[in-house]
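These notes are about the structure you will find just below.
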Amino acid sequence: MGGEAIWSGVGYWSHFGAAVVCAILATWVGSGRKLGAARKGACTALALTAAWALTAAAFTPLSFWALLAESARNLGWLFLLYRLFASDGRHTAIQPIRPVLFLLAFIEALQPALLLARWHMVAFTGMSGVVFQTEVILHLLVTVGALLLVHNLYVGASASHRGGMRWPAAALAALWVVDLNYYTVAYLSNGVSGELAALRGIVVACAAILLAVGVNRAGRGDLRFMPSRAVTFQTLSLFVIGSYLLLMVVIARSLTMIGGDLARLTQVGFLFTASVVALLWLPSERLRRWLKVTALKHLFQHRYDYRAEWLRLTRTIGRAGPEAPPLQERVVQALADITESPSGLLLLPGESGGMVLAARWKWPGIDVPAEAMDAKSAAFFSRGTFICDLDDIRAGANRHGEADAVPAWLVEEEEAWAMVPLQHYDRLTGLVVLTRPPVVRKLDWEDFDLLRVVGQQLASYMAEQAGQEALSEANRFDEFNRRIAFVMHDIKNLASQLSLLARNAEKHVEKPAFRADMLITLRNSADKLNTLLARLGRYGAHGGEKLQPLALDECVEHVVTRYAATYPVLLVEREACMVEAQREGLEQALVHLVQNAVDASQDNAPVFLRVKVDGLYGLVEIVDSGVGMSPDFIRSRLFKPFVSSKQGGFGIGAFEARELIAAMRGRLDVESREGLGTRFFLRLPRAGVPDLIDKLDSHKAEVA
């Protein structure tokens, strides 16, 4: 009795394990995007095999229900054999295949009737033995016929399909060779061996694995077991989960002491369902990340799969189309994917030599100053490809002077984790700030090497885009200049004609009243056209005019007065300040900025202006509560000519305002948040400061 109990346990566990394996493999095979003939047949066969193994575990392998499920399983494997012929196109070319398969399926379909007959003839020993012998003979016929078809499947396959047929054919051959031996022993001994019946589950599980792997790799040539990093991570996950499942099974077996077939069926069903669900869904994202870090530390010499990283980088940067995010965001994502950081920022060089925010990737909550990094700090990162670990700085490290270069707002932001410079030759094209990954770890030499190389590659992409934008802008300027030249030529000709007409009219006039009106009209038209020519001729030439001391507050008040009757533009703070400027150019720049603020505001929301003294500069703040602008728009479109967010706009206003202010040795900065509003900062040197700057520059030149 002890031996029977042992083999009963072996039969239970072998079939239960086969059920779990076949169910998971059926899910894996059936989850493909495109299910061909072979995959459909394999999915069906594996599902029926899982049902058979589960039934055998629940009711013992030799029970009535298990034998009935075995017939369904065999029909599923015959259906798979037919689908394999169909995938090669030989189910129509070779005529005997279909009748043979149908005959084998018919013979297998007789098994349920024979099982019922033997079930009712248990009391008649002689008749029951005859029915059993008939069952075994029919099983042998099916196995022999199936093995012949498997041989024909592989040998008759074309050279291009034989590689894909190798492993499925091996799985089918293994299954039916074991069945041939099993039923041969049963026929000779006039009975089924309980030991062989108990071990069939193991054989079926192995054949199912061969089949699933072969079907998924069909047409890819020889199969070599070369586990990738992903397979290693999944195997480690399965090991952890398997330990949990083993504990769960032991507890379930210990608690199930009720007895009876119903209790056994309930127990097996519970274990089967829990096992499949656990193996498919239990590993959480956090657990997988922890397992990945653990495997990288202890199982691999290198942390990264460089081929996979490079392919992912190429896919991320190479995305195109209207749905693709801007290149700046993709640059941040490409680096964040390497370290599994959930978000990041991109800082690009500004006009003052510092760094400004250019793009956010999944990090909308952080407040970034208008000048994210000053020129001195940017110069530190431009001297090399130093990757900064912000946690080291928070811990007090300062090996290369990085603690003085990192802005305070980044050190105070706990989510900020690493800073990666984007170096193109000897020029710093950008700086990426990455946030802390879910599983925090220390950056090591391999992280530094990979991030440095990828940063250089991303810098080349950004430099290429900048070159294309500059070329496109130069082409637009060239086209604009040609058009302006044509316009000026036409207007000049028209002005000459009108002037000639006015002179001729003076000589050939007949009616005095008409002559007077005509002369006035023609002379006014000529004056207007000549004035337009003069304005077009000196367009953009404000920088060549002499700068003079000017009351900045009075100039701003004069601009505010223009809008008094049309829109609420308010001067809320006024501090007397004399600056070096050119009045016409300054007023024109202020009008451009105020008009942009008015256009961006809604429902007559007021626009506020402030005039203050800011060290060596006079400062004008122009604040609105309009729709705001994104960092990408500010960096790449706001100060670009011929690019406008307004319907019918020329995109000249902001560009001209900045050029006018720069010509007066001033500076124009902007801060904006989408949905909140925009703030422009116009700075002009105070009276006497330009002369001081000139003296300092000349002194430096003499010393040099």
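The values are calculated or read from the model by the stated rules, or taken from the named source; none is laboratory data. As the structure is a computational prediction, the values presented were derived from the model and not from experiment. No Cβ is skipped: glycine too gets one built from the backbone with ideal geometry, and neighbour counts run over all protein chains shown.
What to note about this one:
- Residue within segment 385-404 that is loosely packed, with under 13 Cβ neighbours inside 10 Å and under 24 Å from TYR461 (Cα atoms) present: no
Residue-wise test of (1) farther than 16 Å from MET419 by Cα; (2) modelled with pLDDT under 90.
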position: TRP310; (1), (2): yes, yes
position: GLY321; (1), (2): yes, yes
position: THR339; (1), (2): no, yes
position: LEU345; (1), (2): no, no
position: GLY365; (1), (2): yes, yes
position: THR385; (1), (2): no, yes
position: ASP392; (1), (2): no, yes
position: GLU402; (1), (2): no, yes
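- Residues located in segment 374-391, provided they are out of contact with any helix residue (DSSP H, G or I) (no Cβ under 8 Å at 6 or more places or on another chain) and either outside any helix (DSSP H, G or I) or among the acidic types (Asp, Glu) (or both): ASP374, ARG383, GLY384, ASP389, ASP391
- Restricting LEU586, LEU590, LEU571 to residues that are surrounded by 15 or more Cβ atoms within 10 Å (Cβ to Cβ), in the same structural domain as GLU656 (by TED's automatic domain parsing), assigned to a strand (DSSP E or B) and in contact with a strand residue (DSSP E or B) (Cβ under 8 Å, 6 or more places away or on another chain) narrows the list to LEU571.
- Test set (1) over 16 Å from LEU104 (Cβ atoms); (2) of a type outside the set (S, T, N, Q); (3) at pLDDT 70 or above - VAL150 fails condition number: (1)
- Within segment 71-83, residues that are under 17 Å from PRO112 (Cα atoms) sit with their Cβ atoms under 8 Å from residues that are acidic (Asp, Glu), at 6+ positions apart or across chains, in these pairs: SER71/GLU108; ASN74/GLU108; LEU75/GLU108; LEU78/GLU108.
- Each residue in segment 645-654 was checked for being surrounded by fewer than 18 Cβ atoms within 10 Å (Cβ to Cβ) and either among the hydroxyl-bearing types (Ser, Thr, Tyr) or at pLDDT 75 or above (or both), and 1 pass.
- Residue check, ALA418 assigned by TED's automatic domain parsing to the domain that holds THR316, of a type outside the set (Lys, Arg) and over 27 Å from ILE317 (Cα atoms): no
- Residue list for segment 414-465, filter: surrounded by fewer than 16 Cβ atoms within 10 Å (Cβ to Cβ), among the hydrophobic types (A, V, I, L, M, F, W, C) and more than 23 Å from the chain's Cα centre (by Cα): TRP445
- For segment 394-415, the set of residues classified as under 21 Å from ALA375 (Cα atoms) and touching a Lys or Arg at 6+ places or on another chain (Cβ under 8 Å) consists of ALA405, VAL411, listed by residue number.
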